[in-house]
Amino acid sequence: MRRVEATTGEGALAWVQAMEDERHFVEGFYQASGEALKEKLKAEREEKRALEKELARLKSRLAASQGDDLADQAGEVKGVKVLAASLDGADAKTLRETLDKLKDKLKSAAIVLGSSEGGKVSLIAGVTPDLTAKLKAGELVNFVAQQVGGKGGGRPDMAQAGGNDASKLAGALQSVKGWVEQRL
């Protein structure tokens, strides 16, 4: 069985006129019609993709430079570097790249990075391999995520989480040092 829906009479005429109005609006907006409109739309899509790639590259470069600055902010608890910081506007990929750079630079560390955008919180935690017997990144990120109304998990050396209360991010990041101190 198949179901066919149709519009007839004045309803069909109104539908066709609405479609024509939309077409005229798009043609007027792009100042083109027919094949020229198709080409402009394709060109715009390609330009959008190129801009997205450039934005991702710039975010990565920014993360690398922020990683150097953040490494200097790391505190120390019982001989272990501890860093909890917020990176404004960073996406999950940027947080991961920054975390990897920080782990390489700090050698023996527990790190939590957070970012908030539109009320949503993204978190990532990393623990260097020499500390995973005592500190688990999954437990650490879950501890922070619960404070911002979320949850997360992952491997002992790297874990991610999310939350929905960005107003509590700063306080949650400040609690990381105490959590690490209890575990060591």
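The values are calculated or read from the model by the stated rules, or taken from the named source; none is laboratory data. Every value quoted in this text rests on a predicted model; they were computed, and no experiment measured them. In this analysis, Cβ positions are derived from the backbone assuming ideal geometry, glycine residues included, and neighbour counts consider all displayed protein chains. Surface areas here come from the heavy atoms of the whole protein model, side chains and all, with no ligands, DNA or RNA. Shrake-Rupley method; radii C 1.70, N 1.55, O 1.52, S 1.80 Å.
Observations
- Within the stretch 10-64, being among the small types (Gly, Ala, Ser) and over 22 Å from LYS93 (Cα atoms) holds for GLY11, ALA12, ALA14, ALA18, GLY28, ALA32, SER33, GLY34, ALA36, ALA43.
- Consider the stretch 157-174 and keep the residues that are within 17 Å of the chain's Cα centre (by Cα) and not in a helix (DSSP H, G or I). The one that is farthest from GLU117 (Cα to Cα) is MET158.
- So SER33, is it surrounded by 10 or more Cβ atoms within 10 Å (Cβ to Cβ) and either touching a residue at least 60 places away in the same chain (Cβ under 8 Å) or within 30 Å of THR132 (Cα to Cα) (or both): no
- Matching residues, the stretch 104-156, being in a helix (DSSP H, G or I) and open to solvent by less than 30 Å² (accessible area, probe 1.4 Å): LEU106, LEU131, ALA137, GLY138, LEU140, VAL141, VAL144, ALA145
- Those residues of the stretch 39-87 which are modelled with pLDDT of 90 or more and either touching a Cys at 6+ places or on another chain (Cβ under 9 Å) or hydrophobic (A, V, I, L, M, F, W, C) (or both), in sequence order: LEU41, ALA43, ALA50, LEU51
- Checked against (1) under 22 Å from the mean Cα position of the chain (by Cα); (2) open to solvent by less than 60 Å² (accessible area, probe 1.4 Å); (3) not hydroxyl-bearing (Ser, Thr, Tyr), LEU62 meets all criteria but (2).
- Number of positions in the stretch 112-131 that are modelled with pLDDT of 85 or more and over 17 Å from the mean Cα position of the chain (by Cα): 4
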